[in-house]
Amino acid sequence: MLAYISRSIARRSPRLPLASAAAVAAMSSSGTAANDSSLPISPDTTRVAWVGTGVMGQSMAGHLLAAGYALTVYNRTPSKAHGLVASGARLADSPRAAAAAADVIFLMVGFPSDVRSTTLDSSTGALAGLAPGGVLVDMTTSDPTLAAEIAAAAAGNGCAAIDAPVSGGDRGARNACLSIFAGGDAAVVGRLAPLFKLMGNALYMGGPGAGQRAKLGNQIAIASTMVGLVEGMVFAHKAGLDVARWMEAISTGAAGSKSLELYGKRMLERDMEAGFYVRHFVKDLGICLSECQTMGLALPGLALAQQLYVSLLAHGEGGLGTQALILAVERLNNTSLEKKGE
């Protein structure tokens, strides 16, 4: 798909800025890749950096390293990058230092405030270190207006910025089957295809910020789906049904969903370990509501889901996974699916 996009749109989309021939020669002679859009992206031509090696970032960066790319990593808590460093990655002391060692730098951090500081800070931010012709790819779910701001700042530095948030959770990250929503210059997105395919399936959504808006729509759909799933589970429980058998029965019908596949069993087994944190989902839904307010759009299902997830924060459960929504609905009904004696 991305190859098609690249071929069909490249004629009308500007190429990435070229480094000078002297700079290319200097970087090549030192064993590093050049920021040259005429070179195909490959382990032989492209240095990569990764900022944010948490639950998902570690797996995603690991796929790039396993494919043979020279990888530099940065994390605010260095110990969370030790696994990648042990596998051959180089540890940087700031996003700026990581970017200075890369042709393409990826971000996978927590909140828009983290994206802003990691990217735009004049002393430690990635754009301060990225050489002309470099590409910054933000895979965090963040604010579309911030994505456009970063794209403009990158262009002012002779670089490019792509917003490419993902869906699929920790399993999708581990199994390299994430859905990637890419926004920005179409030619740049097409050129990044060799890197994206190591993490999942990327689809081009439009200009700067479009990737973020596509991901927000994804989160809206997930939120209401999760509410429906947990309400159905609680109903089945109170009706005296075997909830596991009920989930098996609905999984092959119209009520089957990725949320059921990924989280149904986890909820029954009281496995609330985070593949995606409640606190980050609350952040995402807050951005969705803000966008809806700007658009004059009323989405009551979104608002209800956001309030249920906020209730988990009130109970100190922001560090649990999004499947912990079952706890909120159980509390509303003074019941629990947890088996007695466990």
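Cross-link pairs exceeding 31 Å in C-alpha to C-alpha distance, out of Lys80/Lys215; Lys197/Lys283; Lys215/Lys339; Lys197/Lys339, comprise Lys215/Lys339; Lys197/Lys339. Simple point charges give the picture: +1 on the Cβ of Lys and Arg, -1 on the Cβ of Asp and Glu, and for the chain a dipole about the Cα centre of about 400 debye. Could you give me D for the range 40-187, from Stokes-Einstein at 4 °C and 1.567 mPa s, where the hydrodynamic radius is the Kirkwood radius over C-alpha pairs? Units µm² s⁻¹, please. Translational D for this selection: 87 µm²/s.
With the simple model of a label 7 Å out from the Cα in the direction of the Cβ, Ser336 to Glu231 spans 2.5 nm.
Per residue of the chain, what 222 nm ellipticity follows from adding -39500 (n - 2.57) for every DSSP H run with n ≥ 4, rounded to the nearest 500? Spell out each step's value before the answer.
Details: 17 runs with 170 residues, N = 342.
So the helix-based figure for the chain works out to -14500 deg cm²/dmol.
Percentage of Cα-Cα pair distances in the range 222-342 greater than 24 Å, rounded to whole percent? Within the range 222-342, distances greater than 24 Å cover 27 percent of Cα pairs. So how far, in whole Å, is the C-alpha centre of the range 38-62 from the one of the range 63-109? Between the Cα centre of the range 38-62 and that of the range 63-109, the gap is 8 Å. Summary of the geometry: the range 152-178 and the range 279-342, compared by the centres of their Cα atoms, lie 25 Å apart.
Expressed in nm to one decimal, what extension gain is obtained for the pair Cys292 and Ala254 from 0.36 nm per residue of sequence separation less their Cα-Cα distance?
On the way: separation 38, 0.36 × 38 = 13.68 nm, distance 2.84 nm.
Roughly 10.8 nm would be gained on extension.
Protein heavy-atom accessible surface, 1.4 Å probe, per residue over the range 90-249: 35 Å². A Cα-only calculation for the range 122-166 places Rg and Dmax at 10.1, 28 Å. Given their separation in residues at 0.36 nm each and the Cα-Cα distance between them, Ala239 and Ala221 gain 3.8 nm when the chain is fully extended.
Would you tally the net charge around Val48, using a Cβ to Cβ cut-off of less than 13 Å, leaving Val48 out, and scoring K and R as +1, D and E as -1? Display every interim value, and only then the final one.
Numbers: positive: Arg47, Arg90; negative: Asp44, Asp103.
Counting the neighbours of Val48, the net charge comes to 0.
The values are calculated or read from the model by the stated rules, or taken from the named source; none is laboratory data. Please read all numbers here as calculations on a predicted model, not as lab measurements. With ideal geometry, Cβ positions are generated from the backbone for all residues, glycine too; neighbour counts draw on all protein chains shown. Keep in mind that these areas ignore ligands, DNA and RNA; they rest on the heavy atoms of the full protein, side chains included. Shrake-Rupley method; radii C 1.70, N 1.55, O 1.52, S 1.80 Å.
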